[in-house]
Amino acid sequence: MTAIELGPFPTDPAYTEAVESDGTDPLRSFRSRFVAPDPDLIYLDGNSLGRLPVDTISRIQEVVDVEWGSQLIRSWPERWWNLADELGSQLARLIGAAPEAVVVADSTSVILYKLTTSAMQARPKRKRIVTDNLNFPTDIYVAGAVGEVSVVVVSPWDDDPEQTLIDALDANTALLLLSHVAFKSGYLYDMERLTRAAHEAGALVLWDLSHSVGVVPIDLTGCDVDLATGCTYKYLNGGPGAPAFLYVSPNLEMENPLPGWWGHRDPFSFSTDFEPADSIHRFQTGTMPILSLSAIEPAINLVAEAGLEAIRAKSVELSEFFSRLSDRLLQPLGFSLASPRDSKRRGSHVSLQHRDGWRATQALIKDGKVIPDFRAPDNIRFGFAPLYTSFVDVHTSVMRLTELFAVDAMSRHPDTRGSVS
Ligand SMILES: *Cc1c(COP(=O)(O)O)cnc(C)c1O
């Protein structure tokens, strides 16, 4: 097959609009703060693994050379011991939480287990956990290990998905467990309304912020949220496997169901009796992965510097621009929108469905140098990370996809999905 044109595509009518939008974009200077060795590669998967911030390289170098290499064990008291708490406080600003209510720890899945268990202990007479079929699988698996799970079937295209969930809450419901932004469709829940409804039903609420933190403004305090968690490697750009964070409302008295020496009030007493720390630190369990933990700091700083209002504004513009291009250029090729059209109800990725979605994704990645991702059975997710995605990136991606269809690039790719996608 002859190589496809990689663009840009100045003759398409939307190109000028893209260039103008980039020219007036208040966040345009942030693009160069990320590592991007191949100028032709367009990365639209920051909702799964964010790009590497330039500042992270020197930070990790310092941890390796100085803090570990030279300072050795002395770095524990001087630098590392409180790092997860300090980063939790910094992260708190991005989710509208009090600094003392957030700590970095574990992975999202492990935190879900801890917080779900704590919630069940706080509502001992109630046995049910209500969640939905839009949730990330790990959330549902974990809940199933802790309580009786009711998975409410909702559709992001219903008039009022929130009401369907509210109707499912009953006197036996201990916990409402939801993802703020659904990983497949990008549906963005009304956090305030659902939290209020859970409280009215006497239940607690646990929000998984993995797909919203760093890209959607969040107000945990204002919404009176009980519990929250989320990962740091998506729009926060903390790096593969970076530890997650947990939030417990300061109004709640909760214990860590997985107590470990790290959460002890005085760990270096090496006492055989567990006495939890007074602070959110008690939710720690074991030694933190310091290399990964250190990579979070420059990443949080970038988001804080840009500001979530500006990030959200650009995210909405990028996804609306993409949706308009998709209506004009991709719909005739068999793509249909699989995300809410109203940006108030959508996070920062837009999903398209196509019956040949897997092969279209492969062609786009391998021949088109555009990286989205694929979620079975037919969902292609296009993630827009406002700190480094440009309007010309969006335009070029759609144009490359149309070019690939024009030369039937799909036919060169097998129809079988790999085990990691
Ligand atoms: C990405 C994601 C996770 C990932 O959990 P890990 O334990 O970090 O693998 C969990 N929940 C949601 C909603 C996610 O989007």
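Would you work out the Kirkwood radius for the chain? I mean one over the mean of 1/r across all pairs of different Cα atoms, in Å.
Values: mean 1/r = 0.0444 Å⁻¹.
After inverting the mean inverse Cα-Cα distance, the result is 22.5 Å.
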Going through 127/184; 184/366; 127/344; 234/366; 314/366; 127/234 one by one, the pairs whose alpha carbons sit over 30 Å apart turn out to be 127/344; 127/234
Rounded to the nearest 10 Å², the accessible area of residue 184 using a 1.4 Å probe with every protein chain kept is 70
Here the averaged projected area of segment 58-207, based on the convex hull of its alpha-carbon atoms and given in nm², is 11.0
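Counting only C-alpha contacts under 8 Å and six or more residues apart, can you give the relative contact order of segment 79-187 as a whole percent? Write down the numbers at each step before the final one.
On the way: 140 pairs, mean separation 27.5, N = 109.
This gives 25 percent for segment 79-187.
Find, among the chymotrypsin sites (Phe, Trp or Tyr not before Pro) in segment 232-273, those assigned to loop by DSSP (not H, G, I, E, B) with at most 13 other beta-carbon atoms within 10 angstrom. Walk me through the numbers on the way to the answer.
Details: sites: 233, 235, 245, 247, 261, 262, 268, 270; in loops: 233, 235, 270.
Filter output for segment 232-273: 270.
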So, with points 7 Å from each Cα along the Cβ direction, the residue 355-residue 58 label distance in nm works out to 5.5
Between the Cα axis of helix 137-146 and the main Cα principal axis of the chain, the angle (0 to 90°, nearest 10) is 20
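Ignoring everything except DSSP H segments at least 4 long, calculate the 222 nm mean residue ellipticity for the chain; use -39,500 (n - 2.57) per segment, divide by total residues, nearest 500. Kindly include the intermediate steps, with their values, before the conclusion.
Numbers: 11 runs with 134 residues, N = 421.
Estimated from H runs of four or more residues: -10000 deg cm²/dmol.
Could you look at the chain and say what percent of its accessible area is carbon and sulfur, using a 1.4 Å probe and all protein chains? Please report the intermediate quantities before stating the final value.
Numbers: 9300 of 17290 Å².
For the chain, the apolar C and S fraction of the accessible surface comes to 54 percent.
Say R0 is 45 Å: what FRET efficiency, to the nearest 0.05, do residue 272 and residue 151 get from their beta-carbon distance?
On the way: r = 42 Å, r/R0 = 0.92.
That gives a FRET efficiency of 0.60.
Of the DSSP beta bridges with both residues in segment 161-258, give the percent that are antiparallel, rounding to the nearest 5. Walk me through the intermediate numbers first.
On the way: 5 of 13 bridges.
Among the beta bridges of segment 161-258, antiparallel pairing accounts for roughly 40 percent.
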In nm, the gap between the two label points placed 7 Å beyond Cα toward Cβ at residue 417 and residue 304 is 3.9
For the chain, longest principal axis from Cα atoms; helix 391-406 axis from its Cα atoms; angle between them, nearest 10 degrees, is 60
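Can you give the relative contact order of the chain as a percent, counting alpha carbon pairs under 8 Å and 6+ residues apart? Could you put the intermediate results ahead of the total?
Details: 806 pairs, mean separation 95.6, N = 421.
Relative contact order here is 23 percent.
Restricting to the chain, compute how many DSSP beta bridges are antiparallel as a %, nearest 5. All intermediate terms of the calculation are to be shown ahead of the outcome.
Numbers: 22 of 40 bridges.
Restricted to the chain, the bridges split so that about 55 percent are antiparallel.
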Straight-line reach check, residue 125, cutoff 14 Å on alpha carbons, 8 or more apart in-chain or any other chain, hits among aspartates and glutamates -> 148, 170
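Let me check I've understood the local charge: for residue 406, count other residues with C-beta under 13 angstrom from its C-beta, Lys and Arg +1, Asp and Glu -1. What total comes out? Could the numbers behind the result be given before it?
Numbers: positive: 400; negative: 5, 367, 403, 408.
Summing Lys/Arg as +1 and Asp/Glu as -1 gives -3.
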Taking a crude spin-label model, label points 7 Å out from Cα along the C-beta direction, the residue 251 to residue 376 distance in nm is 4.2
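The values are calculated or read from the model by the stated rules, or taken from the named source; none is laboratory data. Given the structure is predicted, the values throughout are model-derived calculations rather than measurements. Every residue, glycine as well, gets a Cβ built from its backbone with ideal geometry; the counts of neighbours run over all protein chains shown. Areas reflect the complete protein model, heavy atoms only, side chains present, ligands, DNA and RNA absent. Shrake-Rupley method; radii C 1.70, N 1.55, O 1.52, S 1.80 Å.
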